[in-house]
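Only one structure is covered here, and it is reproduced in the block below.
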Amino acid sequence: MIDRRDASLSLSFLTVSFVSLLIGAIAGLLQTFVRSGAFELPFSIGYYQLLTAHGVLLALIFTTFFILGFLYAGISKTMGTLYDVPRRTGWLGFVMMTFGTILATVFILLNKATVLYTFYAPLQASPWFYVALVHVVVGSWLCAFSMWNQYYIWKSRTKNKLSPLFSYMAVMTMTLWFVATLGLAATVLLQFIPWSIGWVEKIDILISRTLFWYFGHPLVYFWLLPAYMCWYVVIPKIIGGKIFSDALARLSFVLFLLFSIPVGFHHQLLEPGIAHTWKFFQVVLTFMVIVPSLMTAFSMFAVFETAGRKKGTKGLFTWIKVLPWGDVRFFAPMMGMLIFIPAGAGGIINASHQLNQVIHNTLWVTGHFHLTVASTVALTFFGIGYWLIPHLTGRTLTSRMNKLGIVQTILWTVGMTIMSGAMHAVGLFGAPRRTSYTTYTGHPQAIDWIPYQIAMAIGGTILFLAIILLMYIVWFLAFKAPIGITEFPIGEVEEGALSTPAVLENWKLWVGISGALILIAYTIPFWHMIQHAPPGSPGYKFW
């Protein structure tokens, strides 16, 4: 069983995560109602106020806190009980992050930080909102330091050349997060805080957006890598199979570190001030990220088929029948995997210069975002939560909760298919993102969007019902399920798999190459931005 002190740390992160999920989901439900044109917000609540709460609490807080809770539990499982210094550092990080979360939420609800989760300048929030972001980021750095410290102590004491696969992936995930958040910290500390306080009158918008997207795209892989950890390490154990290749899994995570950070310009393809050459270079690196994703797909389906063959299946696809579709620990992540196929295809469209011209800044992008993060990542996280919570609380996943989890997964998948599908379709018809309901004074094209916006509200309602069911299951597993032991499933590697090269744990090499790619991708264009800086902009508040 997991050490109770380690379990308390993980459960604390998961608690904040699920509370944020509930509040953010309420904001999302109200958004879809407003967007349908059939509902007006009461009590002078602003649409963009809700949009900010939805984005910050779900995209940043729910995901980050869940990931840290999952990683701490997995490290404790694979490396043993956390050492004292890493645990204390983790608690300090939790306190800082929770304080920052509460502070940011308060100022969003007070309507003093209605700047959306991207907080684009020249929209200006209260300085306390940016201070809150600093606390969240610095707290997460402390968590990264604690995991690195645990890894270093474990390696030095055990003298093992190869670390457990889960712990290796956790260290890689937090390395990616730390390097990526340097850009976020730079723009918040050096630009937004002095500007919002009034120490400087204007802000360089292009630099602020560039630093945000230096962070913003690897943020997607910070969300995805823990889902991949579940797919690579946990799912093989659940289905009665084995990990296809330890070396392939580690290599895919190395490639994510190398190619997911220096690619932010593909979010800025239509922004002036950045030379096409540098945009093209970063688009190429963006497409390189497809390689480890395809490696993951190959590895996972190899695991599925191999496990099926060992159970006696003979036909080409008969192994599909013997997968444990009635086990929510498999079913929810598997739905996430399947949804990632169209989601990944949409990402290729977003990163393609010509195709991006069509869908840029439309609801297509929002639909894509909901397929990747709110479907692939969220469903995998839900599947993890169904066994992780009873594992941490010393309880069991009952048959009834398993069936309710299956229902919750189906509701979420159906609701997201309706909502995201409508977003993709109406985005192709030109409906913009980040806008409240409007008919543009009765313009025929805007009128044609309304049926799709109603469909979005229907899908959002189904999603909210799935959230309510999820909250009940989580509460039951934490407090009411029968006392017992629920395993943290960690798969073993296939006997015939090739050995893992030691070079994959050469952190100096891979972090050094990642740093070199970042310098190549950003140094010259960033210098051009400084050299040819525009006059800058004062802050604006339109709410």
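FYI, it's all coordinate maths here, none of it is from the lab. Not measured: the values here are computed from a predicted model. Every residue, glycine among them, receives a Cβ derived from its backbone with ideal geometry; neighbour counts consider all protein chains shown.
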- Sorted from fewest to most neighbouring beta carbons within 10 Å, what does the list Phe39, Phe244 look like? Phe39, Phe244
- Task: List every residue whose amide H lies under 5 Å from the amide H of Thr362, counting only residues 5 or more places away in sequence or on a different chain, with H placed 1.01 Å from N in the peptide plane.
- Result: Arg433
- For P(r) over Cα pairs in 10 Å bins from 0, in percent, calculated from these coordinates, the label among (1) 4, 18, 29, 29, 15, 5, 1, 0; (2) 3, 15, 23, 23, 18, 10, 5, 2, 1, 0; (3) 3, 17, 26, 25, 17, 8, 2, 0: (1)
- Item | Other-chain or far-sequence residues with amide H under 5 Å of Ile243's (modelled H) | Glu492, Val493, Glu494
- Query: Taking the alpha-carbon centroid of each part, what is the distance from the stretch 279-319 to the stretch 1-45 in angstrom?
  - Reply: 33 Å
- Query: Under 5 Å between amide H atoms, partner at least 5 residues away or on a different chain: which partners does Arg395 have, H built in plane at 1.01 Å?
  - Reply: Gly484, Thr486
- Query: So, in nm, how far is label Ile197 from label Ser8 when the simple model puts each one 7 Å beyond its Cα toward the Cβ?
  - Reply: 3.6 nm
- Task: Could you please state, rounded to a whole Å, how far the C-alpha centre of the stretch 324-355 is from the C-alpha centre of the stretch 182-258?
- Result: 18 Å
- Please order Phe33, Phe94, Phe62, Phe542 by the number of other Cβ within 10 Å, starting at the fewest. Phe542, Phe33, Phe94, Phe62
- Task: Could you go through the stretch 474-481 in sequence order and give the Karplus-derived ³J(HN,Hα) for each residue, using 6.51 cos²θ - 1.76 cosθ + 1.60 with θ = phi - 60°, rounded to whole Hz, and x for Gly and Pro?
- Result: 4, 4, 5, 5, 7, 10, 10, 5
- Which whole-Hz couplings ³J(HN,Hα) result when phi for each residue of the stretch 21-30 is put into the Karplus expression 6.51 cos²θ - 1.76 cosθ + 1.60, θ = phi - 60°, listed in order with x for Gly and Pro? 4, 5, 5, x, 5, 4, 4, x, 4, 4
- Query: Which ordering of Tyr437, Tyr452, Tyr472, Tyr386 is given by a fewest-first count of other beta-carbon atoms within 10 Å?
  - Reply: Tyr472, Tyr437, Tyr452, Tyr386
- Query: Using the Cα gyration tensor of the stretch 238-371, with a ≥ b ≥ c the square roots of its eigenvalues, what is the shape: rounded (a/c below 1.5), prolate (a/b larger than b/c) or oblate (neither)?
  - Reply: prolate
- What ³J(HN,Hα) values, in whole Hz, does the Karplus curve 6.51 cos²θ - 1.76 cosθ + 1.60 give for the stretch 300-306 when θ = phi - 60°, with x put for Gly and Pro? 5, 6, 5, 4, 4, 5, 4
- Task: Given a cut-off of 25 Å, name the pairs among Lys311/Lys480; Lys242/Lys314; Lys321/Lys480; Lys161/Lys311; Lys321/Lys403; Lys77/Lys242 whose C-alpha atoms lie farther apart than that in the structure shown.
- Result: Lys311/Lys480; Lys321/Lys480; Lys161/Lys311
- Query: Put +1 on the Cβ of each Lys and Arg and -1 on the Cβ of each Asp and Glu in the chain; which of Trp199, Pro444, Leu470 then has its Cα farthest toward the positive end of the dipole?
  - Reply: Leu470
- Task: Please give the calculated 222 nm ellipticity per residue for the chain, where each DSSP H segment of at least 4 residues contributes -39500 (n - 2.57) and the sum is spread over every residue; nearest 500 deg cm²/dmol?
- Result: -23000 deg cm²/dmol
